[in-house]
Amino acid sequence: MHTHAIRRILLSAFWVFLLISCSSPIPTAILPAATSIPPTETESPTETPLPTEPPTETPLPPPALERPQYGIDLQLNYTTKVAAVNQTITYPNWTGETLTSLVLSVQPNLWNGGFSLKSLAVDELPIANYQLENLSQRLEIPLPRPLPPGGTVTLTMTYSLILPQMQAYSNPNEIRPQIYGYSERQLNLVDWYPFVVPYQPGEGWILHNPWFYGEHLVYDTADFDVTVTFTDGSNPQIASSGAEVASGSAGSRRFKLEAGRTFAMSVSTLYKVAQRQVGDVTVFAYYFAFYDAPGEAMLQTTVEALQVFTQKFGLYRHKTMTAVQGDFNDGMEYSAFYFISRDYFNLYDNTPKNYLVIIAAHETAHQWWFDAVADDQALEPWLDETLATYSERIYYENVHPDLVDWWWGYRYFEFQKAGFVDTPIYEGGGQRPYWDKTYFTGARFMEDLRQRVGDEIFFAFLKDYYNQFAGKRATAADFFRVFRENSAADISDLMAQYFQNTY
């Protein structure tokens, strides 16, 4: 072969090699520094391992909340009874359905001028097209994006409160007492903050209309973190649902409550305070001057009832329990908190044979039958009121056994056609007829049920019912299902006698 031809062949081969090299470049990432291409094809190339890059971390979703969280900053002028509130609600969607809006209860809006919403945002996006009519309790908030099951949304709002003066009604047997607001001796904050009402899958939000008697609200459990600052320099006592913790801010007081239905407070410069320890639970009693004896009786009864009901039903769920003398008629329960009427204080006779002791036991029982095991208070009020009333009998048989017969005669008497136990508040026929059905005829049903199955099965059933539904909401169907899981007794005659519905 000629030299010139050989040169052409070599040049062609070089260009082919160059083209191949350019079309398939060796990634520099796999070539360590100062490493050359192997000199001959006959040498085995040294395998260079691919460098290991740190894996890209996929951020984990935040842990789902077990229940809604309420953070409330209350700026209260105790003198003028006006408040400014900053509130945050972190709401986890455990409904099993995708939500496009949230519905909140705003009880202070039922008073003309009592509630003024200043700002509202959802996940930091301002919301202007909410629905809240004057003198309406219903606040509906459209969500900027659908909230899927298991998702969480955060509401932030600012609002003002002008508290109403508590009204004394001429006929308290026909209308429930006004507790929210102020009197000359106390300021009461009950159902005072907007809260997300329960959602029933397939049916919607549960928010019933108020009524002349009975309770109409239904609650999910929630955690509360409430800070109170008095803007007028006052320094009253605060009776609270939650335990007081370090505030971290001079001039403020902070309270926390976990897994409660409501967060209530009562404020006064006139309170005397007593307390007692029951295991890890601190029991407080707040009452006015010159009421030391009934105040001590309220405290003592609460302590005794906590011990009895813990043994008979199940563990009390909070770290504090607060009992307060109310400057209004009747008593009322809230989470880890209750009121007893001033009238019962005035009628106290230094014995257990009076309404102060009866109602203290009753309202304490609501910590099991309302706060722990909730129900629809408007449509099935007997589920908490019947059980709380019959719990009075359980208190007396354990603490004052010689007074059980007295309790039956004093608290219960035969009513002419009292009606069915499972009567909604809207069909009660008035305050007294409603009590007769839901409280007292209900207590007679519980006594008959107990006699039918015996104490061992009866109390095993109540414990089972409590354990299955503590922290949840029960229905009448749930109540009787749990009963039938604990007893095969035929109670069809009792059902026909006491109930209008079939369960």
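The values are calculated or read from the model by the stated rules, or taken from the named source; none is laboratory data. The structure displayed is predicted, hence computed values, not measured ones. Glycine also receives a Cβ, built like all others from the backbone with ideal geometry; neighbour counts cover every protein chain displayed.
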Next on the checklist: Just checking, does segment 232-243 include any residue being over 26 Å from MET321 (Cβ atoms) and either part of a strand (DSSP E or B) or free of Cβ contacts under 8 Å to residues at least 24 places away in the same chain (or both)?
Outcome noted: yes
Item to check | In segment 450-465, the residues that are assigned to a helix (DSSP H, G or I) and within 17 Å of GLU397 (Cα to Cα) | outcome: ARG450, GLN451, ASP455, GLU456, PHE458, PHE459, LEU462
Item to check | So TYR434, is it under 24 Å from THR310 (Cβ atoms), in contact (Cβ under 8 Å) with a residue 12 or more places away in the chain and among the hydroxyl-bearing types (Ser, Thr, Tyr) | outcome: no
Checklist entry - What are the residues in segment 460-488 that are in contact with a Phe, Trp or Tyr (Cβ under 9 Å, 6 or more places away or on another chain) and of a type in the set (A, V, I, L, M), if any? => result LEU462, ALA470, ALA474, ALA476, ALA477, VAL482
Checklist entry - Can you pull out the residues in segment 397-426 that are assigned to a helix (DSSP H, G or I) and either within 29 Å of the chain's Cα centre (by Cα) or touching a residue at least 40 places away in the same chain (Cβ under 8 Å) (or both)? => result ASN398, VAL399, LEU403, TRP406, TRP407, TYR410, ARG411, ILE425, TYR426
Next on the checklist: Against the condition touching a Leu at 6+ places or on another chain (Cβ under 7 Å) and modelled with pLDDT of 95 or more, how does LEU139 come out, does it pass?
Outcome noted: yes
Checklist entry - Would segment 87-109 turn up any residue that is outside any strand (DSSP E or B), acidic (Asp, Glu) and modelled with pLDDT of 95 or more? => result yes
Item to check | In segment 248-261, the residues that are over 30 Å from ARG473 (Cα atoms) and either within 22 Å of the chain's Cα centre (by Cα) or at pLDDT 95 or above (or both) | outcome: SER252, ARG253
Item to check | Count of residues meeting criterion [crowded, with 17+ Cβ neighbours inside 10 Å and not aromatic (Phe, Trp, Tyr)] in segment 437-456 | outcome: 10
Next on the checklist: I'd like to check something: does segment 161-174 contain any residue that is at pLDDT 95 or above, over 23 Å from the mean Cα position of the chain (by Cα) and farther than 30 Å from PHE290 by Cα?
Outcome noted: yes
Checklist entry - Of the residues THR227, THR282, which is of a type in the set (Ser, Thr, Tyr), touching an Asp or Glu at 6+ places or on another chain (Cβ under 7 Å), modelled with pLDDT of 95 or more and part of a strand (DSSP E or B)? => result THR227
Next on the checklist: Against the conditions (1) in contact with a Ser or Thr (Cβ under 9 Å, 6 or more places away or on another chain); (2) surrounded by fewer than 16 Cβ atoms within 10 Å (Cβ to Cβ), where does ASP464 fall short? Just the number, please.
Outcome noted: (1)
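Yes/no matrix, rows are residues, columns are (1) modelled with pLDDT under 95; (2) more than 21 Å from VAL421 (Cα to Cα); (3) of a type in the set (A, V, I, L, M, F, W, C):
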{"position": "GLU456", "(1), (2), (3)": "no, yes, no"}
{"position": "LEU462", "(1), (2), (3)": "no, no, yes"}
{"position": "TYR465", "(1), (2), (3)": "no, no, no"}
{"position": "ALA470", "(1), (2), (3)": "no, yes, yes"}
{"position": "ALA474", "(1), (2), (3)": "no, no, yes"}
{"position": "ASN486", "(1), (2), (3)": "no, yes, no"}
{"position": "ILE491", "(1), (2), (3)": "no, no, yes"}
{"position": "GLN497", "(1), (2), (3)": "no, no, no"}
{"position": "GLN500", "(1), (2), (3)": "no, no, no"}
Item to check | Hits in segment 468-503 (condition: among the aliphatic types (A, V, I, L, M) and either in a loop (DSSP other than H, G, I, E, B) or out of contact with any helix residue (DSSP H, G or I) (no Cβ under 9 Å at 6 or more places or on another chain) (or both)) | outcome: ALA470, ALA474, ALA477, ALA488, ALA489, ILE491, ALA496
Item to check | Considering residues of segment 185-224 that are assigned to a strand (DSSP E or B) and of a type in the set (S, T, N, Q) only, the residue surrounded by the fewest Cβ atoms within 10 Å (Cβ to Cβ) | outcome: GLN200
Next on the checklist: I'd like the full set of residues that are surrounded by fewer than 16 Cβ atoms within 10 Å (Cβ to Cβ) and over 21 Å from SER160 (Cβ atoms), limited to segment 250-262.
Outcome noted: ALA250
Checklist entry - Which of (1) under 27 Å from the mean Cα position of the chain (by Cα); (2) farther than 15 Å from LEU379 by Cα; (3) not in a loop (DSSP other than H, G, I, E, B) does PRO433 not meet, given it meets every other one? => result (1)
